[in-house]
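Asks: Just dropping this structure here.
The values are calculated or read from the model by the stated rules, or taken from the named source; none is laboratory data. The model shown is predicted, which means the values in this text are computed figures rather than measured ones. Reconstructed Cβ throughout: ideal geometry from the backbone, glycine too, with neighbour counts over all protein chains shown. SASA here: full protein model, heavy atoms, side chains in, ligands and nucleic acids out. Shrake-Rupley method; radii C 1.70, N 1.55, O 1.52, S 1.80 Å.
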Amino acid sequence: MAEGPARKSTLLRQWQEAARRADAVTAVVDENDVHGVQQALVELARQLAEQAGPCKEFDRAVEQYRREQAAQGEPVPVEGQASVSSRVVTQAALGAASLLPGAGVITAMANPDAAAQGLDRLRSASQARARRRGAGGDEAGMSRAFVAELERLCRRHQWVVLFFDTWEQTARYLDGWLLRLLAEEFGAVPANVMVVLAGRDELAERQWAPLRAQVADVPLEVFTEAETRALLTARGVSDPGVVEAVLQLSMGLPLLVELLALARPHTVEEVDAGGDLADVAVERFVQWITDPEQREAVRACALPLQLQLNEDVFAAAARPQAEGWWEWLCGQPFVGGRGGFKHYHAVVRASLVRQQRTHSPQSWAAAHLRLADTHAAWRIAVEERLCEAERWEDSLWRRHVWMRRTTGCARIRQRS
């Protein structure tokens with residue numbers, strides 16, 4: 001367990017690719033997909049269905065949940081919405097880890113007898129809670145349907161691997177639910193299901209104690225001096241004084257090493273500036289972008305909320321001058337995410353937003369207003385094809401409502 005968020009995401013991608021080569025069906029969620037158990041389940045099921053066909057039983061459970069919400073007149077939660085860290089740990093649960101690269105660390109993880117005893121204790125406690133709560137509940141019904149889909153998939157595929165990234169953020173929504181899932185409160189979980197958690201911190205000792213014998217910790221360290229030097233050399237940074245300055249400033253944190261390397265500093269003075277570590281690294285990278293409009297586009301695209309940066313939002317935030325730069329932005333080391341939605345690395349985004357809010361509060365507020373108005377226009381366009389009763393069932397309409405409100409609130413708070 002150690003530093004390394006940049007490499008953590010890379011490792012997860014490599015494990016996901018390795019799992020698929022081993023005839024696994026995989027799905028991954030992170031903080032962009034999770035604001036509750038329902039959202040996580042829907043996103044996991046969507047990805048599994050893309051690879052293995054429709055999850056019909058789960059889809060029926062979701063539809064039943066939506067009908068119940070509509071009957072109660074309650075809005076359905078928005079699906080899929082929503083650092084340079086000091087510690088990153090990837091934790092693999094439910095055994096069967098031999099399919100992963102470097103499996104020697106993992107296959108030695110468990111004392112089977114101790115693991116069985118711990119799991120029995122966890123199941124007993126969960127079943128007691130279930131009896132106290134009683135049957136039913138939307139979340140429980142969807143979870144039971146999800147487990148049924150896992151069982152179906154495991155009959156047809158060698159493995160099913162569920163990845164949960166940025167666990168330090170998503171655990172507050174999912175930790176209790178995942179423990180109940182592994183305790184088989186929603187039904188028997190097949191033995192060839194694997195769960196991989198990736199985050200800064202260790203699992204909560206008290207809650208996870210019954211399962212610790214089945215958990216393998218895979219620590220990621222900061223870059224060694226040799227690794228940092230190799231990366232700088234690959235990026236064309238070779239001056240001995242500059243290399244030493246980068247070693248001192250970055251402390252081996254992968255994202256900062258990468259950003260400083262991309263800035264291609266030529267003198268020690270360019271690296272050895274005062275100020276916050278992350279701000280220095282981010283500012284050095286931004287200054288390296290020679291095109292001033294491209295530089296402003298990078299800053300502007302830090303303003304949209306992490307959950308909703310796609311090509312349309314990019315165009316709205318960065319203005320027409322940035323046309324054609326979306327692919328370039330997606331290729332930057334501080335931009336992550338899957339499919340059409342991307343997000344800035346949390347440390348980079350926080351630094352860019354902080355700088356804009358400090359240096360130009362009026363421009364910062366105006367940019368938020370522009371984004372809020374854009375989402376309002378998109379919401380109106382969606383409304384043209386929906387009757388009023390259908391709006392809360394439309395995920396796109398809900399997304400624009402939510403983004404319009406939250407983006408506008410950021411602007412209002414700044415002006416007040």
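Asks: Having 2 or more residues that are modelled with pLDDT under 80 and open to solvent by 50 Å² or more (accessible area, probe 1.4 Å) is the bar; report the helices (runs of 4 or more DSSP H) wholly within the stretch 238-343 that clear it. Let's see the steps before the verdict.
Replies: Values: elements: 240-250, 254-262, 268-271, 277-288, 292-300, 311-318, 326-330.
Correct list: 277-288.
Asks: For the stretch 17-71, which positions are of a type in the set (S, T, Y) and either part of a helix (DSSP H, G or I) or in contact with an Asp or Glu (Cβ under 8 Å, 6 or more places away or on another chain) (or both)? Don't jump to the end; show me each part of the working.
Replies: If we filter the stretch 17-71 for residues that are of a type in the set (S, T, Y), which is where we start, we get 26, 65.
Passing the criteria: only Y65.
Asks: Looking at the structure I just gave you, is A188 open to solvent by 40 Å² or more (accessible area, probe 1.4 Å), under 24 Å from G36 (Cα atoms) and among the hydrophobic types (A, V, I, L, M, F, W, C)? Before the answer, list the steps.
Replies: Details: open to solvent by 40 Å² or more (accessible area, probe 1.4 Å): yes; under 24 Å from G36 (Cα atoms): yes; among the hydrophobic types (A, V, I, L, M, F, W, C): yes.
Taking the combined requirement at face value, the residue satisfies it.
Asks: Of all residues being at pLDDT below 75 and either of a type in the set (V, I, T) or in a loop (DSSP other than H, G, I, E, B) (or both) in the stretch 360-408, which is nearest to A300 (Cα to Cα)? Just the residue, please.
Replies: T407
Asks: I would also like to ask the following. Residues to consider are R206, R229, R180; find the one that is open to solvent by less than 60 Å² (accessible area, probe 1.4 Å) and among the basic types (K, R). Talk me through it step by step, then tell me what you get.
Replies: Numbers: R206 fails: open to solvent by less than 60 Å² (accessible area, probe 1.4 Å); R229 fails: open to solvent by less than 60 Å² (accessible area, probe 1.4 Å).
None of the others qualify; the one that does is R180.
Asks: Could you give me the residue pairs with C-beta distances under 6 Å whose first residue belongs to the stretch 250-267 and is more than 14 Å from E225 (Cβ to Cβ), whose second residue is open to solvent by less than 10 Å² (accessible area, probe 1.4 Å) and polar (S, T, N, Q) wherever it lies, and which are 6+ apart or on separate chains?
Replies: If the second residue must be open to solvent by less than 10 Å² (accessible area, probe 1.4 Å) and polar (S, T, N, Q), the pairs left are L256/S250; L260/S250.
Asks: Turning to a different aspect of this structure: Applying the selection to the stretch 348-372, what residues are surrounded by 17 or more Cβ atoms within 10 Å (Cβ to Cβ) and either closer than 17 Å to L329 by Cβ or acidic (D, E) (or both)?
Replies: V348, R349, S351, L352, Q356, A367, L371
Asks: Further, regarding this structure: Which condition from (1) open to solvent by less than 30 Å² (accessible area, probe 1.4 Å); (2) more than 26 Å from R13 (Cβ to Cβ); (3) over 23 Å from the mean Cα position of the chain (by Cα) is the one that L153 breaks?
Replies: (2)
Asks: State which residue is farthest from E221 (Cα to Cα) when the search covers only the stretch 161-174 and only residues that are of a type in the set (A, V, I, L, M) and out of contact with any strand residue (DSSP E or B) (no Cβ under 6 Å at 6 or more places or on another chain).
Replies: To start, the set of residues in the stretch 161-174 that are of a type in the set (A, V, I, L, M) comprises 161-162, 171, 174.
This time we only want the ones that are out of contact with any strand residue (DSSP E or B) (no Cβ under 6 Å at 6 or more places or on another chain), so: 171, 174.
Details: A171: 22, L174: 26 Å.
If we take residues in the stretch 161-174 being of a type in the set (A, V, I, L, M) and out of contact with any strand residue (DSSP E or B) (no Cβ under 6 Å at 6 or more places or on another chain), then L174 is farthest from E221 (Cα to Cα).
Asks: Please go through the stretch 175-230 and give me each residue that is modelled with pLDDT of 90 or more and touching a strand residue (DSSP E or B) at 6+ places or on another chain (Cβ under 6 Å), ordered by number.
Replies: N192, V193, M194, V195, V196, L197
Asks: Consider A372 carefully, then state whether it is within 26 Å of the chain's Cα centre (by Cα) and of a type outside the set (K, R).
Replies: Values: within 26 Å of the chain's Cα centre (by Cα): yes; of a type outside the set (K, R): yes.
Spelling it out, A372 is indeed within 26 Å of the chain's Cα centre (by Cα) and of a type outside the set (K, R).
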